[in-house]
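The values are calculated or read from the model by the stated rules, or taken from the named source; none is laboratory data. Just so you know, these numbers come straight off a predicted model, no measurement behind them. Using ideal geometry, Cβ is built from the backbone for each residue, glycine included, and neighbour counts are taken over all protein chains shown. Accessible surface areas use protein heavy atoms only, side chains included; no ligands, DNA or RNA. Shrake-Rupley method; radii C 1.70, N 1.55, O 1.52, S 1.80 Å.
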Amino acid sequence: MTLLLQAHAEGLGACMMAGPIVAKTEIQALLGIHEPWRMVGAIAMGYPTGEAPVRGRKPVDRVVQWIDEEI
Ligand SMILES: Cc1cc2nc3c(=O)[nH]c(=O)nc-3n(C[C@H](O)[C@H](O)[C@H](O)COP(=O)(O)O)c2cc1C
């Protein structure tokens, strides 16, 4: 998250991807990643060719459910 925020602050576009984990063994060998390090994802990064459209946020009540329960 911090890397994505810093990339944005520096005018870069970035996207977190867990999909490349399917080739984890091959990618780790290619990049020389050894224990105790391990790949948990990949971040594509580059300079955007233009402004990304601003997307709205879903209303909070569509993404949060409050459970009010006595313990
Ligand atoms: C842990 C994690 C893994 C993700 N893996 C992928 C992925 O493998 N492929 C992909 O297209 N997007 C993946 N995403 C989603 C993108 O990073 C990004 O959130 C999504 O494309 C929406 O971006 P936007 O909100 O800027 O449109 C992942 C997001 C997270 C948080």
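Evaluating G11 against the criteria (1) without any contact (Cβ under 8 Å) to a residue 40 or more places away in the chain; (2) within 13 Å of the ligand (Cβ to nearest atom) leaves one unmet condition, (2). Residues in segment 1-18 that are open to solvent by 70 Å² or more (accessible area, probe 1.4 Å) and assigned to a loop (DSSP other than H, G, I, E, B): M1, E10.
Please go through segment 42-62 and pick out each residue that is of a type in the set (A, V, I, L, M, F, W, C) and within 13 Å of the ligand (Cβ to nearest atom).
Those that are of a type in the set (A, V, I, L, M, F, W, C) and within 13 Å of the ligand (Cβ to nearest atom): A42, I43, A44, M45, A52, V54.
Residue under question is M39, and the condition is that it be within 15 Å of the ligand (Cβ to nearest atom), part of a loop (DSSP other than H, G, I, E, B) and surrounded by 11 or more Cβ atoms within 10 Å (Cβ to Cβ); does it hold? Spelling it out, M39 is indeed within 15 Å of the ligand (Cβ to nearest atom), part of a loop (DSSP other than H, G, I, E, B) and surrounded by 11 or more Cβ atoms within 10 Å (Cβ to Cβ). Is there a residue being open to solvent by 80 Å² or more (accessible area, probe 1.4 Å), within 15 Å of the ligand (Cβ to nearest atom) and part of a helix (DSSP H, G or I) anywhere in segment 19-30? Yes, there is a match, as at least one residue in segment 19-30 is open to solvent by 80 Å² or more (accessible area, probe 1.4 Å), within 15 Å of the ligand (Cβ to nearest atom) and part of a helix (DSSP H, G or I). A Cβ distance below 7 Å, combined with a sequence gap of six or more or placement on separate chains, defines the contacts here; from segment 44-71, residues that are open to solvent by less than 100 Å² (accessible area, probe 1.4 Å) and of a type outside the set (S, T, N, Q) reach residues that are at pLDDT 90 or above and assigned to a loop (DSSP other than H, G, I, E, B) in the pairs M45/L12; G46/L12.
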